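Take a look at the structure set out below.
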Amino acid sequence: MATISNIFIDCGADYTTTVSVTDSSGSALDLTNYTAAAQIRKTYESSSATVAFTAAFVSPRTTGQITISLTGTQTAAISAGRYVYDVLITSGASAKTRVVEGIVTFNPRVTQ
């Protein structure tokens, strides 16, 4: 089951956070041979992503960490409001696991 983590992003600002993935015993999951994808959508039923995070594995992959990020240009193009997101990892054997999910709140900006 995925961890629930709600995040707040300022429109027009860069955003980066690191997700730690653990196995059933609580140890860091070795993410060697895994891929990762992370998207934001307006609702769970949305047919297309509002934006995709850049997902990068922290080296060494044995630390079980994935950094997800958006550029200021990407966040500026999104209207303020609530969205949903998740991070999905896929093993070399094609097993898919959602590791984190939650609500993303995009805060409006004043300074343009």
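Relative contact order of segment 8-79: 45 percent, from C-alpha pairs under 8 Å at least 6 residues apart in sequence. Under the convention that each Lys and Arg Cβ holds +1 and each Asp and Glu Cβ holds -1, the size of the dipole of the chain around its Cα centre is about 180 debye.
Between the amide H of Val58 and those of Gln65, Ile66, Thr67, distances stay under 5 Å, these residues lying 5 or more places away or on another chain, with hydrogens modeled in the peptide plane.
The numbers here are math on the coordinates, done by the rules we state, and not lab data. Because the structure is predicted, anything quoted here is derived from the model rather than measured. We place every Cβ from the backbone using ideal geometry, glycine too, and count neighbours over all the protein chains shown.
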